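The values are calculated or read from the model by the stated rules, or taken from the named source; none is laboratory data. Every value quoted in this text rests on a predicted model; they were computed, and no experiment measured them. Ideal geometry is used to build each Cβ from the backbone, glycine not excepted, and the neighbour counts take in all protein chains shown. The area values use the complete protein model at the heavy-atom level, side chains included, leaving out ligands, DNA and RNA. Shrake-Rupley method; radii C 1.70, N 1.55, O 1.52, S 1.80 Å.
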Amino acid sequence: MGRNVIVLGSQWGDEGKGKVVDLLTDRAHCVVRYQGGHNAGHTLVIDGKRTVLHLIPSGILREGVFCLIGNGVVVSPQALLQEMETLESNGVAVRQQLKISGACPLVLPYHKSMDIAREEKLGTKAIGTTRRGIAPAYEDKVARRAIKLMDLTRPEIFLEKLRDNLDYYNFLLTGYYQQPALDFGQVADEVLGDAQHIVPLIADIPALLNTFREEGKNILFEGAQGNALDVDQGAYPYVTSSNTTAGGAATGTGFGPLYFDEVMGITKAYTTRVGSGPMPTELLGEEGQLLAQRGNEFGSTTGRPRRCGWFDAPALRRAVYVNSMSSICLTKLDVLDAFDTIYLCTSYQLDGQALDAIPADSEMLARCQPVYEALPGWKTSTVGIAKYENLPENTRRYIERIEQIIQVPIDLISTGPDRKETIQRRNIF
Ligand code: IMP
């Protein structure tokens, strides 16, 4: 029997999923992305070489592993092609390994223009998006006017839809946002040019996954962003526009909910967030700067500095039950090596009441005060440690305290960016 495992971020994204997915892929037949788009940035370091992936699943660097993009992902043809070419120039056989659902909505140049125009107009209330056009592309899907990847196989339908959509968006861009209109011919040529390279990759992803399942193959579902950025479950409106939570793996691929075996939450040993919105454990002083500097906390997609803070157990508790997490992977533990005392937020105070799980409402979250527990630091390097017993006693104490609070086993611990810098306590495949 194969195992079907979802790996997703349990915080605000950037937990280090890319490395973990790549690591677990040594036992997987295929890796599937199910939501998000090229707003994601998954960093992999193999033998010292750094690769950042945005759209293509993090299994692509393992020869022979199938990489699938499910219908829940919004696909920018331009970004996809660019990523394919970069990988190919590094000797990766992308076109043999990659298949994409024809049902993926496309992210086109007018989505990007709209995303930027909206953020500018919001001023101080901006969401702090990646400005890649993600929200407008998902809006089109829900409004039933999206141009889907499949439409690129029928140019006359594509051109008709593009004409209608551009009429609508140019009206909004010029009339409401006072921005320049986009040229129909230019967009059409660009997209049709990219299409010839992408159309051959279209496949029936639900059927393919079902075949793999029947053949007893291991399948890994790779989440993007994180639990707290889910459009339904996160602290709205400071969220992304897709279902980042485990349920999204079913709707975003066409794989039935009862077929999943395990959900692993990738959890950073502290907290980071890019973009706007409340973050109860944020550290605005020197300690935050030290975390940012030691953890190299700059967005892999936008290069923006990430906001940093202490570990937030209420955020994780909610992530555990919303996603039915059965396993945790703790990442970037070595970043904490420099601290004398490490603080762990165990609950929030809101209007005089104790709250043990994060609220899914940004106004409420903004009023939550973190309640901390202090733990002694270990002040010695844990970089590259690959055996649990070799971790300092205080490090194990920190890990075991988190396990005790959230009641989910920490099965994997990442002690550095490379595949080898990992402690495996249990293999989920
Ligand atoms: P959007 O997904 O570009 O619309 O951005 C919405 C929010 O999600 C912003 O706060 C972004 O910073 C955040 N976001 C989107 N993608 C990622 C990611 O891959 N990692 C972390 N944050 C992200």
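For the condition part of a strand (DSSP E or B), more than 16 Å from the ligand (Cβ to nearest atom) and open to solvent by 10 Å² or more (accessible area, probe 1.4 Å), what is the one hit in Ala374, Ala386, Ala357? It would help to see each step written out before you state the result.
Numbers: Ala386 fails: part of a strand (DSSP E or B); Ala357 fails: part of a strand (DSSP E or B).
Within the list Ala374, Ala386, Ala357, the selection yields Ala374.
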Pair list, Cβ < 9 Å and 6+ apart or interchain, from region 357-376 residues that are in contact (Cβ under 8 Å) with a residue 60 or more places away in the chain and hydroxyl-bearing (Ser, Thr, Tyr) to residues that are open to solvent by 40 Å² or more (accessible area, probe 1.4 Å) and part of a loop (DSSP other than H, G, I, E, B): Ser362/Pro237; Ser362/Tyr238
Conditions (1) away from the ligand (no atom under 14 Å from the Cβ); (2) surrounded by 20 or more Cβ atoms within 10 Å (Cβ to Cβ); number of the one not met by Gly275: (1)
In region 283-292, what residues are free of Cβ contacts under 8 Å to residues at least 24 places away in the same chain and in a loop (DSSP other than H, G, I, E, B)? Leu284, Gly285
Just to check your reading of the model, which residue among Ser347, Ser326, Ser381 is open to solvent by less than 50 Å² (accessible area, probe 1.4 Å), farther than 19 Å from Leu8 by Cα and modelled with pLDDT of 95 or more? Ser347
Only one residue in Ala235, Ala249 is over 23 Å from Thr281 (Cβ atoms) and touching a residue at least 60 places away in the same chain (Cβ under 8 Å). Which one? Ala249
Candidate set: region 221-241, residues that are open to solvent by less than 30 Å² (accessible area, probe 1.4 Å) and near the ligand (Cβ under 8 Å from one of its atoms); chosen: the one farthest from Ile134 (Cα to Cα): Gly226
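Answer yes if at least one residue in region 91-98 is within 16 Å of the ligand (Cβ to nearest atom), touching a strand residue (DSSP E or B) at 6+ places or on another chain (Cβ under 9 Å) and of a type outside the set (Phe, Trp, Tyr), and no otherwise.
Going through region 91-98, the residues within 16 Å of the ligand (Cβ to nearest atom) turn out to be none.
No, region 91-98 contains no residue that is within 16 Å of the ligand (Cβ to nearest atom), touching a strand residue (DSSP E or B) at 6+ places or on another chain (Cβ under 9 Å) and of a type outside the set (Phe, Trp, Tyr).
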